[in-house]
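Here is the structure we will look at.
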Amino acid sequence: MARPLVLSLDGHEFPVSLKKIDRDKLYGEIEIEAFDENGNQATLKVLAPDGKTLIDKGGTALATVSEDGTSVDRSELVAVDRDGEEIETVPSSFSLTNVLSRASTEDYLSQIVKSVYILEPFEDSRLDFLQDHLATEQIYTFPFSYRGGVEFDSAFLVGGANTAFMVVGKQAALQYVKLNQAVVLDAPEEQEIAADDLDFDLL
C-alpha cells in the first residue's frame, strides 16, 4: 500500500494520498501504428553501432560505469558540487510531517510547474479542515520531494471547499525589463550559435 503524505496546518495533521493529473487523461492521447505493404504491423528496432545488427525492443539497457569501464551500482553514486564536495541529500516528503505555510499569489504564479496532483483523504481521514482554508482563497506551500534527492521542489496547495490540488514545480528566476530596454543574455562568451544551428522549433 502506498504511504500517505502527512500535512500539518495550524497544529492539525492529516494524511493524504496523491492522484496525479496526467495530460493524457485531460486531453487524450494519439497512438500511431505502422504497417508494411502486406498489412503486418511494424515494430521498432534499434540499429547497433556496427550498422548491421537490428536489436528488438528490450534488447538494450543503460549501465553506469567508472572511468576504467567497471560497472557501478546506482546506490554507490554520490552527488557532488562544482568543488567536488558531497551534496547533502534531502529525504522523501512521505517520511516527514510537512508543515504548511502561507504563500503569496506572486510566489505561486512565478513557479515552473512540473506536476499537478489531486489530494484525496487517506483511508478514513478527512480534508474538511484544509478545504475550508483553501475555500477562503488561501494558498499554502511546503518543500516537497517525492523520492528524496539533492534538493526539494516547491509544492503549493490550492483549491476550494470540495477539491484540493497540489502543484509541484521550481521557482522561476524572472528578469523584468522596462519598455525599450535591451536584454543581456547571461551566457558564456565562448558559446556561440551558428546560423546552421538555428531551428524554427526554437522560436
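Per-residue answers, yes or no, for (1) assigned to a helix (DSSP H, G or I); (2) exposed (fewer than 14 other Cβ atoms within 10 Å of the Cβ); (3) modelled with pLDDT of 90 or more:
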{"position": "V113", "(1), (2), (3)": "no, yes, yes"}
{"position": "D124", "(1), (2), (3)": "no, yes, no"}
{"position": "D132", "(1), (2), (3)": "yes, yes, no"}
{"position": "E137", "(1), (2), (3)": "no, yes, no"}
{"position": "Y140", "(1), (2), (3)": "no, no, yes"}
{"position": "F156", "(1), (2), (3)": "no, no, yes"}
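Out of all the residues in the stretch 71-92, is one or more under 23 Å from A2 (Cβ atoms), surrounded by 10 or more Cβ atoms within 10 Å (Cβ to Cβ), more than 21 Å from the chain's Cα centre (by Cα) and touching a residue at least 24 places away in the same chain (Cβ under 8 Å)? Scanning the stretch 71-92 turns up no residue that is under 23 Å from A2 (Cβ atoms), surrounded by 10 or more Cβ atoms within 10 Å (Cβ to Cβ), more than 21 Å from the chain's Cα centre (by Cα) and touching a residue at least 24 places away in the same chain (Cβ under 8 Å).
Within the stretch 47-70, track down each residue that is of a type outside the set (V, I, T), touching a residue at least 12 places away in the same chain (Cβ under 8 Å) and touching a Lys or Arg at 6+ places or on another chain (Cβ under 7 Å).
The first filter runs over the stretch 47-70 and keeps only residues of a type outside the set (V, I, T), leaving 47-52, 54, 56-59, 61-63, 66-69.
When the remaining residues are screened for being touching a residue at least 12 places away in the same chain (Cβ under 8 Å), the result is 56-57, 59.
Of everything in the stretch 47-70, just one residue is of a type outside the set (V, I, T), touching a residue at least 12 places away in the same chain (Cβ under 8 Å) and touching a Lys or Arg at 6+ places or on another chain (Cβ under 7 Å), namely D56.
Of all the residues in the stretch 158-201, those that are of a type in the set (A, V, I, L, M, F, W, C) and either at pLDDT 70 or above or within 30 Å of I87 (Cα to Cα) (or both) number 14. Anything in the stretch 164-185 that is of a type in the set (V, I, T) and either touching a strand residue (DSSP E or B) at 6+ places or on another chain (Cβ under 7 Å) or buried (at least 20 other Cβ atoms within 10 Å of the Cβ) (or both)? List them, or say none. Residues satisfying the conditions are V167, V168.
Has the stretch 1-11 got at least one residue that is closer than 30 Å to L119 by Cα, exposed (fewer than 10 other Cβ atoms within 10 Å of the Cβ) and in contact with a strand residue (DSSP E or B) (Cβ under 7 Å, 6 or more places away or on another chain)? Scanning the stretch 1-11, I find at least one residue that is closer than 30 Å to L119 by Cα, exposed (fewer than 10 other Cβ atoms within 10 Å of the Cβ) and in contact with a strand residue (DSSP E or B) (Cβ under 7 Å, 6 or more places away or on another chain), so the answer is yes.
The values are calculated or read from the model by the stated rules, or taken from the named source; none is laboratory data. Fair warning: this is a prediction, and the values are worked out from it, not measured in the lab. Reconstructed Cβ throughout: ideal geometry from the backbone, glycine too, with neighbour counts over all protein chains shown.
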